[in-house]
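The values are calculated or read from the model by the stated rules, or taken from the named source; none is laboratory data. Just so it is clear, the structure is predicted and the values come from calculations on it, not from any experiment. Here the Cβ positions follow ideal geometry from the backbone for every residue, glycine too, while neighbour counts run over all protein chains shown.
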């Protein structure tokens, strides 16, 4: 029986059991192309060893091809299509898989993960003059200089004066509210009253400019 016909029969049998058998069938077809149009009994151990070795070093793919071919030849020997398996009897050691390194509690405590300390020295911005203090960058959190007794001075207060709101007690800045809309003197009260609509504001603005 031809090797290609036996591979097709084996693939159809395996898929009838409910397996997809896609990558294995692709590798068996590559094995048939490497061996040529020959009989099953004409496959030599040297040709199988060359197919397994490939062109590079021994990798995990070598063991994958070996497992697929060993399953194929078990089927061929069990059905009487082959008398013996041409696969090599000695299998090279598979390279070990990459094992992750897990940090222990003692390594973390001894400085496995070092913390980067923030420096307090100001750094000059690139392109600024040497004596220009407006272009200084502070690399770490700002702290006030220590006192003689070992404490720290409180941070300076803002230049804006604050007052406490009588309702909520939260500080608010004292700002003078300015209105951009024109005003018109009132005849009854003698004061100034504000426009009630945008149209009225435009009319008053035109009259004031005249």
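Brief remarks follow.
- Total residues in segment 65-86, condition outside any helix (DSSP H, G or I) and exposed (fewer than 13 other Cβ atoms within 10 Å of the Cβ): 3
- Per-region count, segment 35-64, residues in a loop (DSSP other than H, G, I, E, B), without any contact (Cβ under 8 Å) to a residue 40 or more places away in the chain and either surrounded by 13 or more Cβ atoms within 10 Å (Cβ to Cβ) or in contact with a helix residue (DSSP H, G or I) (Cβ under 6 Å, 6 or more places away or on another chain) (or both): 2
- Qualifying residue in segment 105-120 (condition: out of contact with any helix residue (DSSP H, G or I) (no Cβ under 9 Å at 6 or more places or on another chain), more than 23 Å from residue 22 (Cβ to Cβ), at pLDDT 80 or above and not in a helix (DSSP H, G or I)): no
- Checking each residue of segment 2-25 against the condition of being part of a loop (DSSP other than H, G, I, E, B), touching a helix residue (DSSP H, G or I) at 6+ places or on another chain (Cβ under 7 Å) and in contact (Cβ under 8 Å) with a residue 24 or more places away in the chain gives no match.
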